[in-house]
Structures are given as structure tokens and as C-alpha cells.
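Trainee: Structure below; questions to follow.
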Amino acid sequence: MKADQVLIAHHDVLRGLLRQLTETTDDQTAERSRLRDELLRELEVHTQIEDELFYPAVRDVSPLLSLAHAEHRQIDDQLATVMRTAVDDPEFGTEVRMLSATLHHHTFEEEERMFPQSHALGDERLEQLGRQLQERQEELYRSGAMRLIVRLKRMTLRLV
Amino acid sequence: MSVRSRLERTLGAVERLQVLDGPGYQLEHGVALTYLLTGRFARPLQDLLHGVWLGHPLHPALVTVPVGSWTAALVLDGLDVTGRGGPGTGAAARTAVGVGVAGAVASAASGLTDWQHAHDGARRVGLVHAGLNSTALALYAWSFADRGRRRPGRARVTAAAGFALTLASSWLGGALSYRHGLGTDHADRSPEPRRFTPVLAESELVDGEAVGATVDGVPVVLVAQDGEVHAVGGTCPHQGAPLGEGWLHRGELVCPWHGSRFDLATGEPTQGPSTAPLPCFDVRRQDGRVEVRRRGNWRGPTATTTVEEASR
């Protein structure tokens, strides 16, 4: 798979999780907690593979890197708000919808603008980059350090 | 080569220092984490330091404290060295250095808060600006300690070096404001359209969603909400983001780039980083069309007559 296809596939995972989370009701607290934790982990992995591999690779063909970083930041800040909001809080749904809008804008920016620009790298390079992204993604899913980071993040965000 | 073109080259070189991007993002992550750890205070604290309450960035106002105090300290040191100062001069210089250090810490906090959202060249210039200022701050802190330890000679040398760095760094700060337009108002402030002008069909509005359009070359955002239609400027005052790509949260318009939020009725920013309000437009519905007209505000009523029309 080419790099942009790998990332679009992962965007679909993120969008799917957010859709499921949006569809939960205030009394489905266990389901909400589970989906929220999964989303936290997937977002952490996504940000990391983009920051580490994809963005440095497209630096010379896309002028949108700063925007992508700004959008990651906005997603991160809103995710923190979602983590701080209790799953049975009546405001939980509102905050999740805000996170969803933020994520949708970011994936739109990448899929409609940055990824077409990345095609300037050529098919071969994109295939190679795609393999690197998938390998790194698998590595992060298995990584103990990643699990620790996610757990620490979850704990601190709920404390403050 | 002229002074200006030398400076220009230096600025260009700093703007292209891509090696700064890695450390820059690390620093931003650090700032972001620090704010996250303040929990619910993260937003109010950042808005305070951006200057959302002030209407323009707080940082340039705060830096007058260290620059002024350290200039005074330089003068007092000069008087002391040449023996024209009188008995209290050394103590006065120490106080001035100390006040400057306190002001510099506050300036650094506001500067970092604004810098988080800078892009590309401006982000690199900002990082160098911050590095030079932090070095100057460290030199002045050392100088302040030396003044307490009765090491006046070394204290004056470190203060003078700190002053030189502050000047160089202020120049970069000026480039950030006047060249990169960081902190300036990027919204469209033209008086157009002065008369009700059709923008789009009523059927194109989606309840609870932001719709972007252009009227007389002016970007606007239309929002149908609770049976009312609001129209505000379509360019974020902070860094010019297309607000037509934004969305609504708790009835407010959210900027897609850095998350500024705006009240749709007044255009006021309810959350930074934007410190300036959005322009507002009067809306009327006519024969299935939505028409807008620039609304007058406290800065001045909108002229409904152009100069040419008035002179006819």
C-alpha cells in the first residue's frame, strides 16, 4: 500500500471510532470509556507515525506541514477536554462532536490537499514509505513504551 | 552592502533554518503539556497571555518592562562607573535589573504562548528570538545575583552583554510583527458591501453549519441557527484561516487552524489565540436569497455612500 492509502485507512479507523462514540448514549458509560481509551491510543499512534515518517518525507513537496501540526495540536487539546469530561456528563456528547469536527477537518485537509501533493514523490517512494508506516504502526501497537505513554496520559488527563 | 540588506539576509537565513523544526516542535509539545497539566485553567491562562481581553497581543506591551528597566540599569551602571552617580546608584541599578528580570519572565510566558501557533519561517525566527532572549534573561539573572554578592564589575559586564542580546533579539521580534504579521489583524476590514448584496440562496444554508461565501470580494461565513441567520467575516483575524471551513461548538464559530472561537452575534473572540473580533454583517432574506451588508461598529458606522457618490 502507498503511504497515503495507509494513512487514509487509519483515518477510517479514527472516523469509525468517533462515529461509534458519537452514537453512544449517556447511560452507556462502559462502552464510552472503552471507545474513548481506544481512540486515545489510535490517535497517539497516528500522530506518531505522521510526525516521525510521513511529514519529514513530504516536507519538500507540501507547504501544509505547519497546518497539519496546528491541527494535531487542536485535536490533542480537544481530546484532553474529552478525557476530562465524565462519560455520564450531559456535556460529553457535545465535546465528542467538537473532537469529531476537529478530526474531520484535519483528515479533509490531508486527504484533499496534502496527499495529492505527496504524489510528487513518485509511486516507488510512496510504496516504500507506506511499508515503513505500516511497520512502525505495528511496532507501536506492540510497544510496551507506547502502552505506558497512553496509560500515563489517560491518568494525568483525568486527574487535572 | 547597506545595513538593511545585511539584516534582510540574516532574517532570510534564520527563516530557512529547517534544523530548528525538530527542536521547535519538541518545545511546543512541552508548552502544550504544561498547559494541559493546568487542566481547566489552560484556556483562561492562555487567553490572558495572548491578550484576548486586551484586543491585541499582550507580549509587545509586557516587553516594555524588561527593555525599559534594563535600559535604566545600563544608564545607572554608566553613571556609577564614571563616578557621577552618587551613593544610591548601585542599589538603584540592582533594583532596575531585578524588575527587568521579573518582567522578562512574564514576557517569555506570553511570547511562548503566542509562538505556539506560528508557522514555518515565523516559527523559526520566533525560536531564535526566544533563544536570544532566554540567554539575555540568564545573563541578567546572573548580574542580579552578582550585585547582591558585591561583584559590581562582572555584574556590569554581564548586564551589558545581556543588553546587546536584547537589542538583537528585539529586531527579530520586530520582524515577527511587521514582516510576518504575527499578532496583527488579518480580517478583512474594508467597508464593503455597503448596501444589502445577495450572497447565496436561502436553500444553500444548512441549520447549525458554517457556510463560506464571497460577496463583493469579501469572504463571509453564514450560519443559520435557531431560526436566525448570522453573517461574520470569513477570514480569521489571527492568521487568516478560511473560517468557511470552520464549524460550530456551543453556538460559536471555531477556527479550523488554531481553534479560536467567535460569538456569532458580536464577532467577539470568546477564546484565543485570536485577539481581534470578526467583522459582522447585517442579514436580510429577500425572495429566497440571503443578502448581507457590512455592519457599523464602535470603530465607526459603515459608510453607505462612497466618496465618489457624495461628490456627485
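Trainee: Determine which single condition B:R261 fails, assuming it passes every other condition in (1) over 18 Å from A:M98 (Cα atoms); (2) modelled with pLDDT of 95 or more; (3) surrounded by fewer than 24 Cβ atoms within 10 Å (Cβ to Cβ).
Mentor: Of (1) over 18 Å from A:M98 (Cα atoms); (2) modelled with pLDDT of 95 or more; (3) surrounded by fewer than 24 Cβ atoms within 10 Å (Cβ to Cβ), only one is false for B:R261: (1).
Trainee: If you don't mind, there's one more thing I want to ask. Can you run down the residue pairs with Cβ atoms below 7 Å, 6 or more apart or on separate chains, where the first is in the stretch B:245-257 and at the interface with chain A (Cβ under 7 Å from one of its Cβ atoms) and without any contact (Cβ under 8 Å) to a residue 40 or more places away in the chain and the partner is buried (at least 23 other Cβ atoms within 10 Å of the Cβ) and β-branched (V, I, T)?
Mentor: B:W247/B:V254
Trainee: Continuing with the same structure: Can you pull out the residues in the stretch B:258-277 that are in contact with a Ser or Thr (Cβ under 6 Å, 6 or more places away or on another chain) and either of a type in the set (D, E) or within 9 Å of chain A (Cβ to nearest Cβ) (or both)?
Mentor: The answer is B:D263, and nothing else.
Trainee: Then there is this: Return the only residue of A:L67, A:L99 being within 16 Å of the chain's Cα centre (by Cα), within 21 Å of B:V254 (Cβ to Cβ) and either among the small types (G, A, S) or facing another protein chain (nearest Cβ under 9 Å) (or both). So that I can check it myself, show each step before the final result.
Mentor: On the way: A:L99 fails: either among the small types (G, A, S) or facing another protein chain (nearest Cβ under 9 Å) (or both).
Only one candidate qualifies: A:L67.
Trainee: Okay, moving on. Take the stretch A:128-156 and flag every residue that is more than 17 Å from the chain's Cα centre (by Cα) and either over 18 Å from A:I8 (Cα atoms) or within 14 Å of another protein chain (Cβ to nearest Cβ) (or both).
Mentor: A:R142, A:S143, A:G144, A:A145, A:L148, A:L152, A:M155, A:T156
Trainee: Can you give me the number of residues within the stretch B:9-54 that are among the hydroxyl-bearing types (S, T, Y) and more than 9 Å from chain A (Cβ to nearest Cβ)?
Mentor: So the first thing to find is which residues in the stretch B:9-54 are among the hydroxyl-bearing types (S, T, Y), and the list is B:10, B:25, B:34-35, B:38.
Adding the requirement that they be more than 9 Å from chain A (Cβ to nearest Cβ) leaves B:10, B:34.
The number of residues fulfilling the criteria is 2.
Trainee: Related question: Among residues belonging to the stretch A:117-127 that are over 19 Å from A:H46 (Cα atoms) and touching a residue at least 12 places away in the same chain (Cβ under 8 Å), point out the one that is nearest to the other protein chains (Cβ to nearest Cβ). Give the steps one after another, and end with the answer.
Mentor: Residues of the stretch A:117-127 over 19 Å from A:H46 (Cα atoms): A:117, A:119-125.
Within this subset, residues satisfying the condition of being touching a residue at least 12 places away in the same chain (Cβ under 8 Å) are A:117, A:119-121, A:123, A:125.
Values: A:Q117: 15, A:H119: 22, A:A120: 18, A:L121: 18, A:D123: 26, A:R125: 19 Å.
That would be A:Q117.
Trainee: Does B:S190 fit the bill of being under 29 Å from B:C280 (Cβ atoms), away from every other protein chain (no Cβ under 14 Å) and surrounded by fewer than 16 Cβ atoms within 10 Å (Cβ to Cβ)? I'd like the intermediate steps shown before the answer.
Mentor: Numbers: under 29 Å from B:C280 (Cβ atoms): yes; away from every other protein chain (no Cβ under 14 Å): yes; surrounded by fewer than 16 Cβ atoms within 10 Å (Cβ to Cβ): yes.
Spelling it out, B:S190 is indeed under 29 Å from B:C280 (Cβ atoms), away from every other protein chain (no Cβ under 14 Å) and surrounded by fewer than 16 Cβ atoms within 10 Å (Cβ to Cβ).
Yes/no matrix, rows are residues, columns are (1) among the basic types (K, R); (2) touching a strand residue (DSSP E or B) at 6+ places or on another chain (Cβ under 8 Å); (3) in a loop (DSSP other than H, G, I, E, B):
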residue: B:G212; (1), (2), (3): no, yes, no
residue: B:P219; (1), (2), (3): no, yes, no
residue: B:V223; (1), (2), (3): no, yes, no
residue: B:V232; (1), (2), (3): no, yes, no
residue: B:L248; (1), (2), (3): no, yes, no
residue: B:W257; (1), (2), (3): no, no, yes
residue: B:F262; (1), (2), (3): no, yes, no
residue: B:T266; (1), (2), (3): no, yes, yes
residue: B:S274; (1), (2), (3): no, yes, yes
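Trainee: Among (1) closer than 23 Å to A:P116 by Cα; (2) among the acidic types (D, E); (3) free of Cβ contacts under 8 Å to residues at least 12 places away in the same chain, there is one condition A:D51 misses while meeting the rest; what is its number?
Mentor: Failing condition for A:D51: (3).
Trainee: Looking at the stretch A:51-64, which of its residues are at the interface with another protein chain (Cβ under 10 Å from one of its Cβ atoms) and among the aromatic types (F, W, Y)?
Mentor: Hit for the stretch A:51-64 is A:Y55, nothing else.
Trainee: Residues B:S177, B:S110: which one is within 20 Å of B:V31 (Cα to Cα) and either of a type in the set (S, T, Y) or assigned to a loop (DSSP other than H, G, I, E, B) (or both)? Full working, then the answer.
Mentor: Values: B:S177 fails: within 20 Å of B:V31 (Cα to Cα).
The conditions single out B:S110.
Trainee: Still on this structure, I have one more. Do we find that A:T22 is modelled with pLDDT under 95, surrounded by fewer than 15 Cβ atoms within 10 Å (Cβ to Cβ) and either in a helix (DSSP H, G or I) or within 11 Å of the chain's Cα centre (by Cα) (or both) in this structure? Before you say what the answer is, go through the steps one by one.
Mentor: Values: modelled with pLDDT under 95: yes; surrounded by fewer than 15 Cβ atoms within 10 Å (Cβ to Cβ): yes; either in a helix (DSSP H, G or I) or within 11 Å of the chain's Cα centre (by Cα) (or both): yes.
Here the answer is yes, as A:T22 does meet what is asked.
Trainee: Which ranges mark the helices (runs of 4 or more DSSP H) fully within the stretch B:28-84 that have 2 or more residues being without any contact (Cβ under 8 Å) to a residue 24 or more places away in the chain and outside the structural domain of B:T270 (by TED's automatic domain parsing)? Talk me through it step by step, then tell me what you get.
Mentor: Working: elements: B:42-50, B:59-62, B:64-81.
Once the helices (runs of 4 or more DSSP H) in the stretch B:28-84 are filtered for at least 2 residues that are without any contact (Cβ under 8 Å) to a residue 24 or more places away in the chain and outside the structural domain of B:T270 (by TED's automatic domain parsing), what remains is B:42-50, B:64-81.
Trainee: I'm trying to understand the selection: among the residues of the stretch A:70-90, which are of a type in the set (K, R) and either more than 12 Å from chain B (Cβ to nearest Cβ) or touching a residue at least 40 places away in the same chain (Cβ under 8 Å) (or both)? Before the answer, list the steps.
Mentor: Our first condition is that a residue be of a type in the set (K, R); within the stretch A:70-90, this holds for A:73, A:84.
Across the stretch A:70-90, the qualifying residue is only A:R84.
Trainee: Let me ask something else. Check B:L176, B:L200, B:L222 and return the single one that is crowded, with 17+ Cβ neighbours inside 10 Å and without any contact (Cβ under 8 Å) to a residue 60 or more places away in the chain.
Mentor: Details: B:L200 fails: without any contact (Cβ under 8 Å) to a residue 60 or more places away in the chain; B:L222 fails: without any contact (Cβ under 8 Å) to a residue 60 or more places away in the chain.
Answer to the check: B:L176.
The values are calculated or read from the model by the stated rules, or taken from the named source; none is laboratory data. Quick caveat, the model's predicted, so the values are computed rather than measured. Reconstructed Cβ throughout: ideal geometry from the backbone, glycine too, with neighbour counts over all protein chains shown.
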